[in-house]
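Undergrad: Quick one: the structure is below, and I'll ask about it shortly.
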Amino acid sequence: MSTGQGAPVVVVTGSSAGVGRATARAFGARGADVALLARGQKGLEQAAHEVRTAGGQALPLVVDVADPEAVDAAAQQVEDQFGPIDVWVNAAFTTVFSPAKEIQPDELRRATEVTYFGFVHGTQAALRRMLPRDRGTIVQVGSALAYRSVPLQAAYCGAKAAIRGFTDSLRCELMHDGSRVRVTTAHLPGVNTPQFSWVLSRLPRHPRPVAPVYQPEVAAEGILHAADHPERREHWIGGSTVATLLGQKVAAGLLDRYLARTGYDSQQTDEAVDHSRPVNLWKPVDDAHGADHGAHGVFDEEAHSRSLQLWASRHRRPLVLGAAAGGTLGAALAAGLRGSLSVAASRRR
């Protein structure tokens, strides 16, 4: 994570709940100055309190990332108060759980404005400040669904795929310009966040993440690792993400048929959904009901609090060196064994 002197300055969008909130708290534990951007006032206040309790400074800003002028003004406010932004994390999103044929045009437009254009607006606001200084890191919070779409999430999958395309173009441009500004993506698995309890849904049963489910803190750990290692173009978090992306490379058609059979049930619980429940597509749920929803959703009992794959990714150099050493040792032992057998054979002659 590139920084100037003093505490690193970090911006996290979508930081009032879920992955964004866990990420802001994790940066706070590092002693960072954390700017929290989101729509919900109640969630922002509590998230800021958690950042300060963890050891960082917090600047909560009520911002709708679909508004580019508001995002840019927030970025300037961050630099006016904290100084140059070192890391910008784009994590804000909203979506619709529905068959594609039933999504209304205004719903699709709104989900895309927040989830795709929100990332674009955040990225451009960061670039305006990072490029003149020739330093800084932008982390896009992606998803396995950016590569492998699933039924009932056309709005989300389309936006995440668009983010991947935008980011790949930007990365090439930065390389062309010889810029030291870095952009990387952290692709997540299914995460236990509050979104499943407030997302606009036309499903008959309560929506859920596809198993295996991970806690937001696992995602946050991966995002911080991505910020520390922006030279890697992508970071895959969770064994299911790795399996999904590799499976998409070698058997996309087979996955189409598999998800056609399983994708509806695997994204719904057995509980009927209350279609009168508040949704956060148009306005934040915490402001409407005065309640803070925190980072976790309702799937704590099954969510994993650690990921072996993420541990291996964070320790990839020691593992590679260990594997290389093991391979060298194995080769030496094999050579020694072959030599011994050869000597023994010559003696028998």
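The values are calculated or read from the model by the stated rules, or taken from the named source; none is laboratory data. As the structure is a prediction and not an experimental result, all values here were calculated from the model. For neighbour counting, all protein chains shown are included, and Cβ atoms are generated from backbone atoms with ideal geometry for every residue, glycine included. Calculation scope for accessible area: heavy atoms of the full protein, side chains included, ligands and nucleic acids excluded. Shrake-Rupley method; radii C 1.70, N 1.55, O 1.52, S 1.80 Å.
Undergrad: Identify, from the list His187, His206, the residue that is in a strand (DSSP E or B), open to solvent by 10 Å² or more (accessible area, probe 1.4 Å) and in contact with a Ser or Thr (Cβ under 6 Å, 6 or more places away or on another chain).
TA: Details: His187 fails: open to solvent by 10 Å² or more (accessible area, probe 1.4 Å).
Residue meeting the stated conditions: His206.
Undergrad: Which one of these is out of contact with any Asp or Glu (no Cβ under 7 Å at 6 or more places or on another chain) and surrounded by fewer than 24 Cβ atoms within 10 Å (Cβ to Cβ): Gly31, Gly56, Gly18?
TA: Numbers: Gly56 fails: out of contact with any Asp or Glu (no Cβ under 7 Å at 6 or more places or on another chain); Gly18 fails: surrounded by fewer than 24 Cβ atoms within 10 Å (Cβ to Cβ).
On inspection, the qualifying residue turns out to be Gly31.
Undergrad: A follow-up question, please. With the requirement that a residue be of a type in the set (Val, Ile, Thr) and surrounded by 13 or more Cβ atoms within 10 Å (Cβ to Cβ), what does segment 250-293 give you?
TA: To start, the set of residues in segment 250-293 that are of a type in the set (Val, Ile, Thr) comprises 250, 262, 269, 273, 279, 285.
Residues satisfying the conditions are Thr262, Thr269, Val273, Val279, Val285.
Undergrad: Looking at the structure I just gave you, is Pro68 farther than 22 Å from Ser240 by Cα, in contact with a His (Cβ under 7 Å, 6 or more places away or on another chain), of a type outside the set (Asp, Glu) and open to solvent by 40 Å² or more (accessible area, probe 1.4 Å)? Lay out the reasoning, then the answer.
TA: Numbers: farther than 22 Å from Ser240 by Cα: yes; in contact with a His (Cβ under 7 Å, 6 or more places away or on another chain): yes; of a type outside the set (Asp, Glu): yes; open to solvent by 40 Å² or more (accessible area, probe 1.4 Å): yes.
Taking the combined requirement at face value, the residue satisfies it.
Undergrad: Now for a separate question. Quick check: anything in segment 103-111 closer than 27 Å to Ala146 by Cα, within 23 Å of the chain's Cα centre (by Cα) and of a type in the set (Lys, Arg)?
TA: yes
Undergrad: Please name all residue pairs, on different chains or six or more residues apart, with Cβ atoms under 6 Å, provided the first residue is in segment 23-35 and is at positive phi and the second residue is surrounded by fewer than 24 Cβ atoms within 10 Å (Cβ to Cβ) and not in a strand (DSSP E or B).
TA: Gly31/Ala7; Gly31/Gly55; Gly31/Gly56
Undergrad: Right, another one. Among the listed residues Glu217, Glu302, identify the single one that is of a type in the set (Asp, Glu), open to solvent by 60 Å² or more (accessible area, probe 1.4 Å) and touching a helix residue (DSSP H, G or I) at 6+ places or on another chain (Cβ under 6 Å). Show your work before the answer.
TA: Values: Glu302 fails: touching a helix residue (DSSP H, G or I) at 6+ places or on another chain (Cβ under 6 Å).
Going through Glu217, Glu302 in turn, just one is of a type in the set (Asp, Glu), open to solvent by 60 Å² or more (accessible area, probe 1.4 Å) and touching a helix residue (DSSP H, G or I) at 6+ places or on another chain (Cβ under 6 Å): Glu217.
Undergrad: Same structure again: Hey, does segment 97-115 have a residue that's part of a loop (DSSP other than H, G, I, E, B) and of a type in the set (Lys, Arg)?
TA: The initial filter retains those residues of segment 97-115 that are part of a loop (DSSP other than H, G, I, E, B), namely 99, 103-104.
Checking which are of a type in the set (Lys, Arg) leaves us with none.
Scanning segment 97-115, I find no residue that is part of a loop (DSSP other than H, G, I, E, B) and of a type in the set (Lys, Arg), so the answer is no.
Undergrad: On to the next question. Please find, within segment 71-93, the residue that is nearest to the chain's Cα centre (by Cα) out of those that are among the acidic types (Asp, Glu) and open to solvent by less than 60 Å² (accessible area, probe 1.4 Å).
TA: Residues of segment 71-93 that are among the acidic types (Asp, Glu), as a first pass: 72, 79-80, 86.
Retained after the next criterion (residues that are open to solvent by less than 60 Å² (accessible area, probe 1.4 Å)): 72, 79, 86.
On the way: Asp72: 22, Glu79: 24, Asp86: 18 Å.
In this case the residue turns out to be Asp86.
Undergrad: Being under 22 Å from the mean Cα position of the chain (by Cα) and in a loop (DSSP other than H, G, I, E, B) is the filter here; which residues of segment 284-300 pass it?
TA: Matches in segment 284-300: Pro284, Asp292, His293, Gly294, Ala295, His296, Gly297, Val298, Phe299, Asp300.
Undergrad: Of all residues in segment 143-166, count the ones that are of a type outside the set (D, E, K, R), within 29 Å of Arg128 (Cβ to Cβ), in contact (Cβ under 8 Å) with a residue 40 or more places away in the chain and part of a helix (DSSP H, G or I).
TA: The first filter runs over segment 143-166 and keeps only residues of a type outside the set (D, E, K, R), leaving 143-147, 149-159, 161-163, 165-166.
Imposing the further condition that a residue be within 29 Å of Arg128 (Cβ to Cβ) reduces the set to 143, 146, 155-156, 158-159, 161-163, 165-166.
Remaining after also requiring in contact (Cβ under 8 Å) with a residue 40 or more places away in the chain: 143, 146, 155-156, 158-159, 162-163, 166.
Adding the requirement that they be part of a helix (DSSP H, G or I) leaves 146, 155-156, 158-159, 162-163, 166.
Residues flagged as of a type outside the set (D, E, K, R), within 29 Å of Arg128 (Cβ to Cβ), in contact (Cβ under 8 Å) with a residue 40 or more places away in the chain and part of a helix (DSSP H, G or I) within segment 143-166 amount to 8.
Undergrad: For segment 16-62, give me each residue that is of a type in the set (Lys, Arg) and not in a helix (DSSP H, G or I).
TA: Going through segment 16-62, the residues of a type in the set (Lys, Arg) turn out to be 21, 25, 30, 39, 42, 52.
Arg30, Arg39, listed by residue number.
Undergrad: Same structure again: Kindly provide the set of residues from segment 167-184 that are outside any helix (DSSP H, G or I), out of contact with any Leu (no Cβ under 7 Å at 6 or more places or on another chain) and either closer than 19 Å to Gly263 by Cα or open to solvent by less than 50 Å² (accessible area, probe 1.4 Å) (or both), ordered by number.
TA: Restricting attention to segment 167-184, the residues satisfying the condition of being outside any helix (DSSP H, G or I) are 178-184.
Then drop every residue that is not out of contact with any Leu (no Cβ under 7 Å at 6 or more places or on another chain), which leaves 178, 180, 182, 184.
Listed by number, the list holds a single entry, Thr184.
Undergrad: Sticking with this structure for a sec: Restricting attention to segment 257-276, report how many residues are in contact (Cβ under 8 Å) with a residue 40 or more places away in the chain and either part of a loop (DSSP other than H, G, I, E, B) or not charged (D, E, K, R) (or both). Full working, then the answer.
TA: So the first thing to find is which residues in segment 257-276 are in contact (Cβ under 8 Å) with a residue 40 or more places away in the chain, and the list is 259-260, 263-264, 266-273, 275.
So of that shortlist, the ones also either part of a loop (DSSP other than H, G, I, E, B) or not charged (D, E, K, R) (or both) come out as 259-260, 263-264, 266-269, 272-273, 275.
Residues flagged as in contact (Cβ under 8 Å) with a residue 40 or more places away in the chain and either part of a loop (DSSP other than H, G, I, E, B) or not charged (D, E, K, R) (or both) within segment 257-276 amount to 11.
Undergrad: Something else: Any residue that is under 19 Å from Val19 (Cβ atoms), open to solvent by 40 Å² or more (accessible area, probe 1.4 Å) and not in a helix (DSSP H, G or I) - is there at least one of those in segment 126-139? Give the steps one after another, and end with the answer.
TA: Quick first cut of segment 126-139, residues under 19 Å from Val19 (Cβ atoms) only: 126, 137-139.
Then keep just the ones that are open to solvent by 40 Å² or more (accessible area, probe 1.4 Å); that gives none.
Scanning segment 126-139, I find no residue that is under 19 Å from Val19 (Cβ atoms), open to solvent by 40 Å² or more (accessible area, probe 1.4 Å) and not in a helix (DSSP H, G or I), so the answer is no.
Undergrad: Given the condition β-branched (Val, Ile, Thr) and more than 23 Å from Arg110 (Cα to Cα), answer yes or no: does some residue in segment 246-256 qualify? Steps first, please.
TA: Step one: of segment 246-256, the residues β-branched (Val, Ile, Thr) are 250.
Those left that are additionally more than 23 Å from Arg110 (Cα to Cα): 250.
There is at least one residue in segment 246-256 that is β-branched (Val, Ile, Thr) and more than 23 Å from Arg110 (Cα to Cα).
Undergrad: When residues of segment 209-243 are filtered for being acidic (Asp, Glu) and assigned to a strand (DSSP E or B), how many remain?
TA: Residues of segment 209-243 acidic (Asp, Glu): 217, 221, 228, 231, 234.
Keeping just the survivors that are assigned to a strand (DSSP E or B) gives 234.
Number of matching residues: 1.
Undergrad: May I pose another question? Test Thr137 against the stated conditions and say whether it is out of contact with any strand residue (DSSP E or B) (no Cβ under 6 Å at 6 or more places or on another chain) and either in contact (Cβ under 8 Å) with a residue 12 or more places away in the chain or within 18 Å of Val78 (Cβ to Cβ) (or both). Even if it seems obvious, please write down each step before you answer.
TA: Working: out of contact with any strand residue (DSSP E or B) (no Cβ under 6 Å at 6 or more places or on another chain): no; either in contact (Cβ under 8 Å) with a residue 12 or more places away in the chain or within 18 Å of Val78 (Cβ to Cβ) (or both): yes.
Considered against the rule, which asks whether it is out of contact with any strand residue (DSSP E or B) (no Cβ under 6 Å at 6 or more places or on another chain) and either in contact (Cβ under 8 Å) with a residue 12 or more places away in the chain or within 18 Å of Val78 (Cβ to Cβ) (or both), Thr137 comes out as no.
Undergrad: So, one more: Could you list, in sequence order, all residues of segment 190-203 that are polar (S, T, N, Q), open to solvent by 20 Å² or more (accessible area, probe 1.4 Å) and either under 16 Å from the mean Cα position of the chain (by Cα) or farther than 17 Å from Gly294 by Cα (or both)? Explain how you work it out, then say what you get.
TA: Here is the first cut: in segment 190-203, the ones polar (S, T, N, Q) are 192-193, 195, 197, 201.
Applying the additional criterion that residues be open to solvent by 20 Å² or more (accessible area, probe 1.4 Å) yields 195, 197.
Listed by number, the list holds a single entry, Gln195.
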